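Bear in mind that the values in this text are calculations on the coordinates, not laboratory data. Bear in mind the structure is a predicted one, so any value in this text is a computation, not a measurement. Methodologically, a virtual Cβ is constructed for each residue, glycine included, from the backbone with ideal geometry; neighbour enumeration extends over all protein chains shown.
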Amino acid sequence: MVNYQVITSRGKPRFAVVEYQIFMKMLEQVENQNKSGAARTTRQRKEPTARELTRLMRSNPIKGWRLFRNMTQAELAEKTGLKQTHVSLMEANKIKPRKNTLEKLAVALTCDVDDLVARY
């Protein structure tokens, strides 16, 4: 049985506190899994076909470029400092990105800002 304490913030669990020795064992297990390749948290991605990419570029160039670069929304969000939900909303044409956001996206996707504004 592991002794632990849960620290909450605004009524939701935020942190779990465990004894240092237990933490070190858990950390070692995670590192061993990562080294062996057993812990795979990213899903396998299928590269889009040329036809799919052309269709996506017309409907939303951000999504098209992201798929062309073989990135998930979460990866793009991490590279740009945005939230994944924000990327999702832009790709769904629910919100229009601001100029500085387009610049961040262009850097992360290694393309020009003009490549991303075809629809906007």
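So here's what we get for this one:
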{"quantity": "Partner lysines for K12 [C-alpha distance under 28 Å; skip if fewer than 8 residues away on the same chain]", "calculated": "K25, K79, K83"}
{"quantity": "Efficiency of FRET between E78 and N3 - r from beta-carbon atoms, R0 30 angstrom, step 0.05", "calculated": "0.30"}
{"quantity": "Cα gyration tensor, region 50-116 - rounded (a/c under 1.5), prolate or oblate", "calculated": "rounded"}
{"quantity": "Exposure proxy order (Cβ contacts within 10 Å, fewest to most) of S9, S88", "calculated": "S9, S88"}
{"quantity": "Fewest-first sequence of Y4, Y20 by Cβ atoms within 10 Å of each Cβ", "calculated": "Y20, Y4"}
